[in-house]
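Chemist: Here it is, the structure, as structure tokens.
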Amino acid sequence: VDSPDAGGAECTATTDKSFDETNPLYGEAKEGLNGLSFNIGIGGTKTPSRKSASSWKSSSRGHKVGPIRYGKGESSPSVARKNYTETKPFPFSPPKSAAQIAAEQEQLQRRQEVTRLRELAKTSYTEKRYKESVRGYTAAIIVHTKNFSSVPSPLVKTEDSEMLASMYGNRAAGLMMLGAYHACAKDCERSLKFLADYNPLSLDLKDQEKLISYIKTDGGLTYMTKFLARMGRAQMKTGNIQEADLTFDHTIRIAKAALACHEKILNHAVHNNIPIPHKVQKLSEKVINQCLTDATMSKTDIERVREYSKYIKRQGGIRRAVETAIAQNNNPHLLQYVDKLLQITPADEKVQESKVICLASMKKWRDIIKFCEILGCKNVLYDGVFNSDLNECNPFKGVPSACKITQDGLLDSLEKGKVNFAAEQAAEAAVRLPNTVAKLYVRALRLEEKYKESETVLAALEHLAKVTHPIWSPDKKSHKARYHWLSGEKEKLRSTMYEKSRGDGFYREGKYGEAASCYARVMMIDSEVGPYSNPNVCEIDNMGGRLHAVLLCNRAACLIGLKKYDEAAKECTAALKIEKSYMKAILRRARCYNRLERYEESISEYNRWMFAVKEAKRNPNFRTSDECPFDRAADISDGDFQKVMSELSNVNDRKSAAELKARQQAEEAKRRAESAYNRQQTQNDWQYQRRWDSFRGSAPNREKKHSPHRRNKSYHESYKQSSKFSGSSDNYRRSEVPKASPSCDSVSCHYAVLQLDTSATQVDIRKAYRRMALKYHPDKNQNCEKAASTFRKVQLAYETLSDENSKRKYDMELRLRSRQC
């Protein structure tokens, strides 16, 4: 501006000292201020004094008013607000000083720059470019607060203070979308500090301007409810359940009070015909209701978190020593509750460690690698946003920005299992993992035979440990170096690679015993017994991963070379417990069973191998959940397939020959058994016959008194006639059978009594017995000897045929008697 009292001397206004040229975040804001030129008055006949300048006040219309006159006995306007009278305005305005003009221009330029940066940040958030949105709001905050040197007070500059609160709250939304929940909660807490205290209980309905401030969407109770709900969600995501619960309680109270205040304002406006912006009020009420619903539902999630945590604690908690038997028995069934906790509190490091520990207890090292790489990719999303005032919220201080895992779509590909990390990508992910998670990630890489990735990760962690602070205990009395376990893991990796290469060399040279010993030492590196002890390798309880499956299969090959087929089959079985579809282990076990003459099992294994190959050839892009990633069926060549088919044909021929030989041996054994049975039966019959049978029914003369039990004469005569008919005493002995056995001319004695054939089942025998017993029971046929005799025969037949053992012997007797007859 040109002063009327002086010539227009041109001056250049410089920016505030707080605008540091080395700060890149608000470089755009400074470009608008650099080169700003305007004219100010540099002289004049008279400059108003401080006293006269302070007496000029600006009215609402923009014209100047005279000095304030106080009433009688009033000393100062700072004590209380008093009535005063205004004098007539002076016909001219007091001139402004150069400092005032420069301050106004600077303030105007700063407001314009803040508005531009806010619009850019808002556009980036809408387009889901959250990292750029956070950086834009950070730059706007720096410009608005003059690099945090001039922070507005909500009691003095309400409008500027609420604008700053809005920027902090919007930046918190961007941080929430990036997964930086700790920083989000911190920004929400900052934004609440810059909001004016809108107390619904002290609402003055006569102040129309005050009423509108209570129902606006860009401040007031709406901002307070929104930022509280956002802070509660961020606290819940990080696992601060107690703080989140209190925040949600506060949100519910503020939301209900705000809705009551809205209703009170609407009723007052209707009764007094006060115009209010109804669209703004409806939008504000909608936002408050949404925050109230979110807070109520989040309270339910908090109760679920407490329930799951209590259950895990009742079961003894997550056992961190994954090699122990109690951890391997207890942790797997707690994994489902850990997964549920992780859905509600994804940024809780304790829950993340619990998930990895449970997977390690279950020997699922491939799942550990996938989980850690996904977690590292998520942590990379907020790389480079922790600048300026956000630096204190950076969880990975000293970690350089990632450049290998920043590709778009990489996270989705990892979750679907379509890609695997290279060595550099694995290192960038590992330095962004918690301490315990990083340790198990390194071990998983080694057990999955990713040696290059493991070496790169160990080197990156070792470098990071040198530039970061140590880990302090909760009581701050002791500390230990970060990644203190690196030396042990490096030694395990070196021993694994060395012993495995030695075993491969021995196997190529045909030294199968030495090769098997080297493989066993590699497998016992992670065991409690140590690598140089000599226990049974198949009984080691901490095996798992691709490394151990390959070592077991290699040991099986060595044992096959030593012709120890039984032990080789056990090694293959142990390998298949780790990888269910390990094609090489299936084929080697089939060959071991063939050598052991277990043809049925061998054919089953061959068929399983061939079925997997055929399915893979039919659908080469289809992958099952239990497919072996390093020995896929789709990689089998046609030559290998034909070779295995010829092996299966040979096994079938050997099986047929063995079955024929077994049938012949069984028939020979059966004949021998029948001959032995016949000899035994003949001997039993000879022992049971009476001595006078050799006299053809006529006993020698005896001087003794006849026994009352001697046979009468008619009986002996009938015996003579029968012996004449039979021709010899041997035929008589053959015709006389025990009471429970049929005679040779009555092959189906007991079956005939029950009116059944020899193929009758137990059910048929039971039904026939009941039918015959009811028909010939003595109670129904009194004074009938024939019925009583028949009933006894029925009982005898049922007792013989109802028992499986006696029925089997009886049927065998029938067959033998029929052959002899």
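Every residue, every condition in (1) open to solvent by 40 Å² or more (accessible area, probe 1.4 Å); (2) out of contact with any strand residue (DSSP E or B) (no Cβ under 9 Å at 6 or more places or on another chain); (3) not polar (S, T, N, Q), yes or no:
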{"residue": "I405", "(1), (2), (3)": "no, yes, yes"}
{"residue": "F421", "(1), (2), (3)": "no, yes, yes"}
{"residue": "Q425", "(1), (2), (3)": "no, yes, no"}
{"residue": "A429", "(1), (2), (3)": "no, yes, yes"}
{"residue": "P434", "(1), (2), (3)": "no, yes, yes"}
{"residue": "Y451", "(1), (2), (3)": "yes, yes, yes"}
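Chemist: Are there any pairs, at least 6 apart or on different chains, whose C-beta atoms fall under 6 Å, with the first in the stretch 470-491 and of a type in the set (D, E) and the second modelled with pLDDT of 90 or more, and if so, which?
Modeler: E489/V442
Chemist: Give, as residue ranges, the helices (runs of 4 or more DSSP H) completely inside the stretch 541-656 that count at least 2 residues that are farther than 30 Å from S454 by Cα and of a type in the set (F, W, Y). Reasoning before the result, please.
Modeler: Values: elements: 545-561, 565-578, 583-595, 599-618.
In the stretch 541-656, 599-618 are the helices (runs of 4 or more DSSP H) which contain 2 or more residues that are farther than 30 Å from S454 by Cα and of a type in the set (F, W, Y).
Chemist: For residues that are free of Cβ contacts under 8 Å to residues at least 40 places away in the same chain and either small (G, A, S) or touching a strand residue (DSSP E or B) at 6+ places or on another chain (Cβ under 9 Å) (or both), tally how many sit in the stretch 652-677. So that I can check it myself, show each step before the final result.
Modeler: We begin by selecting, within the stretch 652-677, every residue free of Cβ contacts under 8 Å to residues at least 40 places away in the same chain; these are 653, 656-657, 659-673, 675-676.
Within this subset, residues satisfying the condition of being either small (G, A, S) or touching a strand residue (DSSP E or B) at 6+ places or on another chain (Cβ under 9 Å) (or both) are 656-657, 662, 666, 669, 673, 675-676.
Going through the stretch 652-677 one residue at a time, the tally reaches 8.
Chemist: Something else: Can you name every residue in the stretch 336-346 that is assigned to a helix (DSSP H, G or I) and either open to solvent by 20 Å² or more (accessible area, probe 1.4 Å) or closer than 9 Å to K237 by Cα (or both)?
Modeler: Keep residues of the stretch 336-346 that are assigned to a helix (DSSP H, G or I), which gives 336-344.
Once the filter is applied, which keeps residues that are assigned to a helix (DSSP H, G or I) and either open to solvent by 20 Å² or more (accessible area, probe 1.4 Å) or closer than 9 Å to K237 by Cα (or both), the stretch 336-346 yields Q336, Y337, D339, K340, L342, Q343, I344.
Chemist: Name the residue, out of Y125, Y137, Y130, Y84, that is modelled with pLDDT of 80 or more and open to solvent by 50 Å² or more (accessible area, probe 1.4 Å). Before you say what the answer is, go through the steps one by one.
Modeler: On the way: Y137 fails: open to solvent by 50 Å² or more (accessible area, probe 1.4 Å); Y130 fails: open to solvent by 50 Å² or more (accessible area, probe 1.4 Å); Y84 fails: modelled with pLDDT of 80 or more.
Unique residue meeting the criteria: Y125.
Chemist: So, in the stretch 766-803, how many residues would count as being under 60 Å from the mean Cα position of the chain (by Cα) and in a helix (DSSP H, G or I)?
Modeler: Step one: list which residues in the stretch 766-803 are under 60 Å from the mean Cα position of the chain (by Cα), which gives 766-767, 802-803.
If we keep only those that are in a helix (DSSP H, G or I) too, we end up with 766-767, 802.
Of the residues in that region, 3 qualify.
Chemist: Scan the stretch 722-740 and give yes if some residue there is open to solvent by less than 70 Å² (accessible area, probe 1.4 Å), modelled with pLDDT of 85 or more, in a helix (DSSP H, G or I) and farther than 30 Å from R671 by Cα, otherwise no.
Modeler: Filtering the stretch 722-740 down to residues open to solvent by less than 70 Å² (accessible area, probe 1.4 Å) leaves 722-723, 726-729, 731-733, 735, 737-738, 740.
Remaining after also requiring modelled with pLDDT of 85 or more: none.
Checked against the condition, which is being open to solvent by less than 70 Å² (accessible area, probe 1.4 Å), modelled with pLDDT of 85 or more, in a helix (DSSP H, G or I) and farther than 30 Å from R671 by Cα, the stretch 722-740 yields no hits at all.
Chemist: What is the one condition in (1) modelled with pLDDT of 85 or more; (2) within 29 Å of S675 (Cβ to Cβ); (3) of a type outside the set (F, W, Y); (4) open to solvent by 100 Å² or more (accessible area, probe 1.4 Å) that R770 does not satisfy?
Modeler: In the conditions (1) modelled with pLDDT of 85 or more; (2) within 29 Å of S675 (Cβ to Cβ); (3) of a type outside the set (F, W, Y); (4) open to solvent by 100 Å² or more (accessible area, probe 1.4 Å), R770 misses (2) alone.
Chemist: Shifting gears a bit: If we scan the stretch 176-195, do we find a residue that is of a type in the set (D, E), part of a helix (DSSP H, G or I) and in contact with a Lys or Arg (Cβ under 8 Å, 6 or more places away or on another chain)?
Modeler: Going through the stretch 176-195, the residues of a type in the set (D, E) turn out to be 187, 189.
Narrowing further to those that are part of a helix (DSSP H, G or I): 187, 189.
Next, only the ones that are in contact with a Lys or Arg (Cβ under 8 Å, 6 or more places away or on another chain) stay: 187.
The answer is yes; a qualifying residue exists.
Chemist: Give me the pairs, please: first residue somewhere in the stretch 297-326 and within 20 Å of K363 (Cα to Cα), second residue anywhere and charged (D, E, K, R), beta-carbon distance under 8 Å, and either six or more positions apart or on two chains.
Modeler: Cβ pairs passing all conditions: E323/D526; E323/E528; E323/D541; A325/D541; I326/R319.
Chemist: Among the residues of the stretch 576-601 satisfying the criterion of being closer than 15 Å to I560 by Cα and of a type outside the set (D, E, K, R), which is surrounded by the most Cβ atoms within 10 Å (Cβ to Cβ)? Don't jump to the end; show me each part of the working.
Modeler: Applying the first criterion (closer than 15 Å to I560 by Cα) to the stretch 576-601 yields 584-597.
Next, only the ones that are of a type outside the set (D, E, K, R) stay: 585-587, 590, 592-594, 596.
Working: A585: 28, I586: 24, L587: 21, A590: 25, C592: 26, Y593: 23, N594: 22, L596: 14.
Only one residue tops the list, namely A585.
Chemist: Something else about it: Quick check on my filter: what residues within the stretch 453-469 are assigned to a helix (DSSP H, G or I), without any contact (Cβ under 8 Å) to a residue 60 or more places away in the chain and either surrounded by fewer than 23 Cβ atoms within 10 Å (Cβ to Cβ) or small (G, A, S) (or both)?
Modeler: From the stretch 453-469, those assigned to a helix (DSSP H, G or I) are 453-467; that's our starting set.
Restricting the remaining residues to those that are without any contact (Cβ under 8 Å) to a residue 60 or more places away in the chain gives 453-463, 465-466.
Result: S454, E455, T456, L458, A459, A460, E462, H463, A465, K466.
Chemist: Give me the pairs, please: first residue somewhere in the stretch 165-183 and crowded, with 23+ Cβ neighbours inside 10 Å, second residue anywhere and not in a helix (DSSP H, G or I), beta-carbon distance under 6 Å, and either six or more positions apart or on two chains.
Modeler: Listed by first residue and then by second, the contacts come to A165/F194; A165/L195; A180/Y382; Y181/T238; Y181/A347.
Chemist: Report yes if K286 is of a type in the set (K, R) and under 27 Å from the mean Cα position of the chain (by Cα), otherwise no.
Modeler: On the way: of a type in the set (K, R): yes; under 27 Å from the mean Cα position of the chain (by Cα): no.
Here the answer is no, as K286 does not meet what is asked.
Chemist: Name the single residue that is nearest to L375 (Cα to Cα) among those in the stretch 426-436 being part of a helix (DSSP H, G or I) and in contact with a helix residue (DSSP H, G or I) (Cβ under 8 Å, 6 or more places away or on another chain).
Modeler: Ranking the qualifying residues of the stretch 426-436, first place goes to A429.
Chemist: Which numbered condition trips up V529, out of (1) open to solvent by 40 Å² or more (accessible area, probe 1.4 Å); (2) modelled with pLDDT under 90; (3) closer than 25 Å to E627 by Cα?
Modeler: (3)
Chemist: Consider S298 carefully, then state whether it is under 21 Å from K439 (Cα atoms), buried (at least 18 other Cβ atoms within 10 Å of the Cβ) and among the polar types (S, T, N, Q). Walk me through how you get there before you give the answer.
Modeler: Working: under 21 Å from K439 (Cα atoms): no; buried (at least 18 other Cβ atoms within 10 Å of the Cβ): yes; among the polar types (S, T, N, Q): yes.
No: the conditions fail for S298.
Chemist: Hey, can you tell me all the residues within the stretch 484-529 that are small (G, A, S) and within 24 Å of V437 (Cα to Cα)?
Modeler: Correct list: S487, G488, S495, S527.
Chemist: Any residue in the stretch 782-794 that is within 17 Å of R766 (Cα to Cα) sitting within a Cβ distance under 9 Å of a residue that is small (G, A, S) and part of a helix (DSSP H, G or I)? List the pairs, counting only those 6 or more apart or interchain.
Modeler: F791/A773; V794/A768; V794/A773
Chemist: Report, ordered by the first and then the second residue, all pairs with beta carbons closer than 7 Å, sequence separation of six or more or different chains, a first member in the stretch 577-594 that is farther than 12 Å from F630 by Cβ, and a second member that is among the basic types (K, R).
Modeler: I586/R608
Chemist: Looking only at the stretch 388-414, filter to residues that are hydroxyl-bearing (S, T, Y) and part of a helix (DSSP H, G or I); which one of those is farthest from A185 (Cα to Cα)?
Modeler: Within the stretch 388-414, the first condition is being hydroxyl-bearing (S, T, Y), and the residues that meet it are 388, 401, 406, 413.
After this cut, where a residue has to be part of a helix (DSSP H, G or I) as well, the list is 388, 413.
Values: S388: 17, S413: 30 Å.
Restricting to residues being hydroxyl-bearing (S, T, Y) and part of a helix (DSSP H, G or I), the top hit is S413.
Chemist: Hey, could you check the stretch 149-164 for residues that are in a helix (DSSP H, G or I) and touching a residue at least 12 places away in the same chain (Cβ under 8 Å) and say which is nearest to the chain's Cα centre (by Cα)?
Modeler: Going residue by residue through the stretch 149-164, those that are in a helix (DSSP H, G or I) are 158-164.
Cutting the leftovers down to touching a residue at least 12 places away in the same chain (Cβ under 8 Å) gives us 158, 160-164.
Details: T158: 49, D160: 47, S161: 45, E162: 43, M163: 43, L164: 41 Å.
Here the residue is L164.
Chemist: Looking only at residues in the stretch 748-765 that are more than 60 Å from the chain's Cα centre (by Cα) and open to solvent by 70 Å² or more (accessible area, probe 1.4 Å), which one is modelled with the highest pLDDT? Walk me through it before giving the result.
Modeler: First, the residues of the stretch 748-765 that are more than 60 Å from the chain's Cα centre (by Cα): 748-758.
With the extra rule that they be open to solvent by 70 Å² or more (accessible area, probe 1.4 Å), the set shrinks to 755, 757-758.
Working: Q755: 86, D757: 83, T758: 82.
It comes out as Q755.
Chemist: If you take the residues of the stretch 639-662 that are acidic (D, E) and open to solvent by 60 Å² or more (accessible area, probe 1.4 Å), which of them is nearest to I586 (Cα to Cα)? If you could, list the steps in order and put the result at the bottom.
Modeler: First pass over the stretch 639-662, keeping only residues acidic (D, E): 640, 647, 653, 659.
Applying the additional criterion that residues be open to solvent by 60 Å² or more (accessible area, probe 1.4 Å) yields 640, 653, 659.
On the way: D640: 14, D653: 21, E659: 25 Å.
So, considering only residues that are acidic (D, E) and open to solvent by 60 Å² or more (accessible area, probe 1.4 Å), the one nearest to I586 (Cα to Cα) is D640.
Chemist: Among the numbered conditions (1) on the phi > 0 side of the Ramachandran plot; (2) at pLDDT 90 or above, tell me where K146 comes up short.
Modeler: (2)
Chemist: State yes or no: is R366 open to solvent by less than 80 Å² (accessible area, probe 1.4 Å) and either basic (K, R) or in a strand (DSSP E or B) (or both)? Break it down into steps so the answer makes sense when it comes.
Modeler: Working: open to solvent by less than 80 Å² (accessible area, probe 1.4 Å): no; either basic (K, R) or in a strand (DSSP E or B) (or both): yes.
It is false that R366 is open to solvent by less than 80 Å² (accessible area, probe 1.4 Å) and either basic (K, R) or in a strand (DSSP E or B) (or both).
The values are calculated or read from the model by the stated rules, or taken from the named source; none is laboratory data. This is a predicted model, so every value here is computed, not measured. Glycine gets a Cβ as well: all are built from the backbone with ideal geometry, and neighbour counts include every protein chain shown. We work out accessible area using only protein heavy atoms, side chains counted, and drop any ligands, DNA or RNA first. Shrake-Rupley method; radii C 1.70, N 1.55, O 1.52, S 1.80 Å.
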